[in-house]
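The next block holds one structure in the form of structure tokens; read it before the comments.
The values are calculated or read from the model by the stated rules, or taken from the named source; none is laboratory data. What you are looking at is a predicted structure, and each value in this text was computed from that prediction instead of being measured. As a convention, Cβ positions derive from the backbone with ideal geometry for all residues, glycine included, and neighbour counts pool all protein chains shown. When the accessible area is computed, the model is the full protein with side chains, heavy atoms only, and any ligands, DNA or RNA have been set aside. Shrake-Rupley method; radii C 1.70, N 1.55, O 1.52, S 1.80 Å.
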Amino acid sequence: MSNELAVITSLGDGNVFVKKTDGGQIRSVKGRMALSEKQGEIAVIQDKGMVTAKGFNKLNQIAGLSIVTPEKLTLPEGHTVVNPYPIIDPESGTISKVWVKKLAIGFSPIGNLVITSATLLYDVNMYFIQDLTNKVKYNKDAGRVCMEAMLTEEEKRSGGFYKIQGPLGVYVDFTHKEILKAVDTFINKKQFAERNAQTICERLVMSKHPALAYPYVEVSGPEKNRVAAVTVVGYVNEFDRKQLLEISAQAERGEEIKVNGQRAEIIETTAEATTEDMIIDQEEDEFSVSSGNQGDLFSRAASAGEGEVKF
């Protein structure tokens with residue numbers, strides 16, 4: 001049995017403890033990494049510090065999870081479709097919703113093999129209704145939440161009504177500047193719906209894995225320049241593409257997965273993208289544009305560690 005030794009080295013902007021075999025091969029890594037709001041790695045929403053997809057990719061430099069995008073996914077009603085799966089609004093011909101699935105394969109902090117699977121519904125229309133509701137909440141001239149029967153004929157001609165539940169909905173005045181801003185955001189969400197859905201799903205699948213279970217973090221510092229520190233433990237795996245594809249296929253079929261005699265734990269999640277998810281995604285996009293970094297999630301993931309595998 002080989003001996004192991006621990007050394008301290010640098011990764012990014014922090015020190016890490018690296019455990020090596022006597023042959024020099026890295027076995028495990030532990031480090032405390034800094035995340036920056038200014039760099040788009042954390043977002044603060046309603047006083048809660050949340051790690052963005054970019055932040056998780058940075059933490060994954062240590063955790064070493066492999067992110068996999070299956071070729072197909074199964075919808076809740078049982079239909080198998082291409083992944084990601086956009087739902088098109090027949091009237092406008094634009095995307096209204098997107099289903100997407102991701103897997104994260106890697107080891108937990110105690111060295112157990114864990115596979116997390118996340119299936120996400122990204123509902124662009126619901127985000128638009130929530131955005132409109134927030135606009136009229138703070139701008140009385142922009143519209144109001146009401147019953148459809150309460151609308152006047154003039155309101156029906158000059159504005160729009162979007163149902164929330166039954167006859168209840170939000171009426172908006174399309175001439176108001178805040179409503180025009182919401183429409184502009186809505187168009188942007190439609191244009192990048194598939195990319196945004198994949199970003200949010202990748203963030204979700206990493207946050208569900210024990211190696212990166214940090215959906216919320218303690219932050220400190222001045223507004224727009226806050227920071228957080230997270231301790232991450234990672235284990236080096238030797239999975240090649242073929243093994244990742246086989247592991248993912250077994251997980252899809254619901255089979256028991258064993259690697260080197262060790263049984264893998266599988267954690268499955270089905271969720272709908274929340275307003276918080278979309279705000280975090282939007283703030284990360286704004287950082288990318290302002291910094292001139294407009295590369296997509298996958299180029300960032302590839303540079304962060306294991307990258308993304310699609311089959």
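Please determine whether any residue of the range 173-191 is in contact with a strand residue (DSSP E or B) (Cβ under 8 Å, 6 or more places away or on another chain), over 24 Å from T94 (Cα atoms) and open to solvent by 40 Å² or more (accessible area, probe 1.4 Å).
The answer is no, given that none of the residues of the range 173-191 is in contact with a strand residue (DSSP E or B) (Cβ under 8 Å, 6 or more places away or on another chain), over 24 Å from T94 (Cα atoms) and open to solvent by 40 Å² or more (accessible area, probe 1.4 Å).
The conditions are (1) part of a helix (DSSP H, G or I); (2) in contact with a strand residue (DSSP E or B) (Cβ under 7 Å, 6 or more places away or on another chain); (3) open to solvent by 30 Å² or more (accessible area, probe 1.4 Å), and F161 fails exactly one of them. Which is it?
Condition (1) is where F161 drops out.
How many residues are of a type in the set (G, A, S) and either in contact with a Lys or Arg (Cβ under 8 Å, 6 or more places away or on another chain) or open to solvent by 50 Å² or more (accessible area, probe 1.4 Å) (or both) when one looks only at the range 194-225?
Residues of the range 194-225 that are of a type in the set (G, A, S), as a first pass: 197, 207, 211, 213, 220-221.
Going one step further and asking which of them are either in contact with a Lys or Arg (Cβ under 8 Å, 6 or more places away or on another chain) or open to solvent by 50 Å² or more (accessible area, probe 1.4 Å) (or both), we end up with 213, 220-221.
Residues meeting the conditions: 3.
Does V145 meet the test of being open to solvent by 10 Å² or more (accessible area, probe 1.4 Å) and touching a residue at least 12 places away in the same chain (Cβ under 8 Å)?
On the way: open to solvent by 10 Å² or more (accessible area, probe 1.4 Å): yes; touching a residue at least 12 places away in the same chain (Cβ under 8 Å): yes.
Yes, satisfied.
Return the total of residues in the range 107-144 being part of a strand (DSSP E or B) and on the phi > 0 side of the Ramachandran plot. Steps first, answer last, please.
Start the filter on the range 107-144 by keeping residues that are part of a strand (DSSP E or B), which leaves 107, 113-123, 143-144.
Filter once more, keeping what is on the phi > 0 side of the Ramachandran plot: 143.
Residues in the range 107-144 being part of a strand (DSSP E or B) and on the phi > 0 side of the Ramachandran plot: 1 in total.
Between a residue in the range 90-114 that is closer than 18 Å to K258 by Cα and any residue that is small (G, A, S) and open to solvent by less than 50 Å² (accessible area, probe 1.4 Å), which pairs come within a Cβ distance under 6 Å, given they are 6 or more apart or on different chains?
As it stands, the answer is L103/S117; L103/S248; I105/S66; G106/G64; G106/A211; S108/A211; L113/A264; V114/S108, since those pairs meet every condition given.
Within 30 Å of R241 (Cα to Cα) and open to solvent by less than 60 Å² (accessible area, probe 1.4 Å): which single residue out of I87, I110, I115 fits that description? Reasoning before the result, please.
Working: I87 fails: within 30 Å of R241 (Cα to Cα); I110 fails: open to solvent by less than 60 Å² (accessible area, probe 1.4 Å).
Just one listed residue meets the conditions, I115.
So is N188 under 30 Å from Y162 (Cα atoms) and either free of Cβ contacts under 8 Å to residues at least 24 places away in the same chain or assigned to a loop (DSSP other than H, G, I, E, B) (or both) or not?
Values: under 30 Å from Y162 (Cα atoms): yes; either free of Cβ contacts under 8 Å to residues at least 24 places away in the same chain or assigned to a loop (DSSP other than H, G, I, E, B) (or both): yes.
Criteria met by N188.
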